[in-house]
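The block underneath contains the structure these notes are about, expressed in C-alpha coordinates.
The values are calculated or read from the model by the stated rules, or taken from the named source; none is laboratory data. Bear in mind the structure is a predicted one, so any value in this text is a computation, not a measurement. Positions of Cβ are backbone-derived with ideal geometry, glycine not excepted, and every protein chain shown enters the neighbour counts.
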Amino acid sequence: MVHGKRHSSVFSVFFQPGWGGAWLILLGLIVGMTTGCTTMHDTPRTIHAEVVALEQPIMYNRFGSMNPYGMMYALKHDVVNKSDGRPMDEHSTPGQVQLKEGKRP
(Lines give C-alpha, C1' and ligand atoms only; values in the text may rest on other atoms or scores of the structure.)
Protein backbone atom coordinates (compact mmCIF):
# COMPACT_ATOMS: atom_id res chain seq x y z
CA MET A 1 0.00 0.00 0.00
CA VAL A 2 1.35 3.38 -0.98
CA HIS A 3 1.38 5.99 1.80
CA GLY A 4 -0.74 9.05 1.24
CA LYS A 5 -3.07 7.53 -1.42
CA ARG A 6 -6.45 6.02 -0.76
CA HIS A 7 -6.82 2.45 -1.92
CA SER A 8 -10.05 2.11 -3.90
CA SER A 9 -11.73 -1.22 -4.37
CA VAL A 10 -13.41 -2.44 -7.52
CA PHE A 11 -16.85 -1.98 -5.98
CA SER A 12 -16.24 1.64 -5.02
CA VAL A 13 -15.63 2.47 -8.69
CA PHE A 14 -19.10 1.23 -9.68
CA PHE A 15 -20.93 2.83 -6.79
CA GLN A 16 -19.97 6.41 -7.61
CA PRO A 17 -22.66 9.12 -7.58
CA GLY A 18 -24.44 9.27 -10.93
CA TRP A 19 -24.21 5.55 -11.62
CA GLY A 20 -27.72 4.84 -10.32
CA GLY A 21 -29.32 5.25 -13.73
CA ALA A 22 -26.82 2.90 -15.35
CA TRP A 23 -27.51 0.25 -12.71
CA LEU A 24 -31.26 0.55 -13.26
CA ILE A 25 -30.83 0.15 -17.01
CA LEU A 26 -28.57 -2.88 -16.52
CA LEU A 27 -31.02 -4.44 -14.08
CA GLY A 28 -33.88 -3.83 -16.52
CA LEU A 29 -31.97 -5.50 -19.35
CA ILE A 30 -31.16 -8.55 -17.24
CA VAL A 31 -34.76 -8.96 -16.07
CA GLY A 32 -36.03 -8.43 -19.61
CA MET A 33 -33.71 -11.07 -21.04
CA THR A 34 -34.61 -13.69 -18.45
CA THR A 35 -38.37 -13.22 -18.77
CA GLY A 36 -38.16 -13.27 -22.57
CA CYS A 37 -36.35 -16.60 -22.58
CA THR A 38 -38.98 -18.43 -20.57
CA THR A 39 -41.78 -17.79 -23.07
CA MET A 40 -39.98 -19.64 -25.87
CA HIS A 41 -40.20 -22.97 -24.05
CA ASP A 42 -43.86 -22.80 -23.06
CA THR A 43 -45.05 -24.74 -26.12
CA PRO A 44 -42.75 -27.64 -27.04
CA ARG A 45 -42.56 -28.72 -30.67
CA THR A 46 -44.33 -32.02 -31.33
CA ILE A 47 -43.70 -34.10 -34.44
CA HIS A 48 -46.14 -36.86 -35.42
CA ALA A 49 -45.15 -39.60 -37.87
CA GLU A 50 -46.94 -42.78 -38.91
CA VAL A 51 -44.26 -45.48 -38.94
CA VAL A 52 -44.68 -49.14 -39.91
CA ALA A 53 -42.40 -52.16 -39.50
CA LEU A 54 -41.92 -54.47 -42.46
CA GLU A 55 -39.93 -57.58 -43.25
CA GLN A 56 -36.98 -56.83 -45.48
CA PRO A 57 -34.03 -59.10 -46.26
CA ILE A 58 -30.89 -57.16 -45.33
CA MET A 59 -27.73 -57.54 -47.44
CA TYR A 60 -24.59 -56.90 -45.39
CA ASN A 61 -21.95 -57.00 -48.12
CA ARG A 62 -21.34 -57.86 -51.77
CA PHE A 63 -20.29 -61.44 -50.95
CA GLY A 64 -23.86 -62.45 -50.18
CA SER A 65 -23.91 -62.18 -46.40
CA MET A 66 -27.47 -61.40 -45.48
CA ASN A 67 -30.22 -61.65 -42.91
CA PRO A 68 -33.30 -63.06 -44.70
CA TYR A 69 -35.52 -62.27 -41.68
CA GLY A 70 -34.52 -58.63 -41.31
CA MET A 71 -36.98 -56.00 -40.14
CA MET A 72 -36.98 -52.33 -40.97
CA TYR A 73 -39.04 -49.26 -40.19
CA ALA A 74 -40.46 -46.95 -42.83
CA LEU A 75 -42.87 -44.06 -43.03
CA LYS A 76 -46.37 -45.29 -43.84
CA HIS A 77 -46.63 -43.19 -47.01
CA ASP A 78 -43.45 -44.88 -48.36
CA VAL A 79 -44.97 -48.40 -48.18
CA VAL A 80 -47.22 -50.03 -50.82
CA ASN A 81 -49.02 -53.37 -51.24
CA LYS A 82 -46.95 -56.02 -53.06
CA SER A 83 -49.89 -57.25 -55.14
CA ASP A 84 -51.15 -54.06 -56.77
CA GLY A 85 -48.75 -51.27 -55.73
CA ARG A 86 -51.48 -49.21 -54.03
CA PRO A 87 -50.55 -47.18 -50.95
CA MET A 88 -50.75 -49.03 -47.67
CA ASP A 89 -54.00 -48.62 -45.71
CA GLU A 90 -55.77 -50.32 -42.80
CA HIS A 91 -56.85 -53.20 -45.08
CA SER A 92 -53.28 -54.14 -46.08
CA THR A 93 -52.21 -57.69 -45.22
CA PRO A 94 -49.24 -58.01 -42.84
CA GLY A 95 -46.23 -59.43 -44.66
CA GLN A 96 -47.58 -58.39 -48.08
CA VAL A 97 -46.12 -54.88 -48.26
CA GLN A 98 -42.92 -53.40 -49.64
CA LEU A 99 -41.20 -50.05 -50.07
CA LYS A 100 -42.29 -47.84 -52.95
CA GLU A 101 -40.37 -48.00 -56.20
CA GLY A 102 -37.34 -45.74 -55.92
CA LYS A 103 -36.96 -46.16 -52.15
CA ARG A 104 -33.97 -48.21 -51.05
CA PRO A 105 -33.65 -50.19 -47.82
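For the condition of a type outside the set (S, T, N, Q), farther than 15 Å from residue 104 by Cα and touching a strand residue (DSSP E or B) at 6+ places or on another chain (Cβ under 8 Å), what is the one hit in 55, 50?
Only one candidate passes the filter, namely 50.
Quick check on the stretch 78-100: of everything there that is in contact with a strand residue (DSSP E or B) (Cβ under 7 Å, 6 or more places away or on another chain) and closer than 14 Å to residue 51 by Cα, which residue is surrounded by the fewest Cβ atoms within 10 Å (Cβ to Cβ)?
Looking at the filtered set, the residue picked out is 87.
So that you can scan it fast, the table gives a plain yes or no per residue for (1) at pLDDT below 90; (2) among the aromatic types (Phe, Trp, Tyr); (3) not in a loop (DSSP other than H, G, I, E, B):
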position	(1), (2), (3)
24	yes, no, yes
48	no, no, no
52	no, no, yes
61	no, no, no
77	no, no, yes
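Within the stretch 3-12, can one find any residue that is surrounded by 10 or more Cβ atoms within 10 Å (Cβ to Cβ) and modelled with pLDDT under 75?
The answer is yes, given that some residue of the stretch 3-12 is surrounded by 10 or more Cβ atoms within 10 Å (Cβ to Cβ) and modelled with pLDDT under 75.
Please go through the stretch 63-75 and pick out each residue that is assigned to a loop (DSSP other than H, G, I, E, B), free of Cβ contacts under 8 Å to residues at least 12 places away in the same chain and in contact with a Pro (Cβ under 8 Å, 6 or more places away or on another chain).
Selection gives 68 alone.
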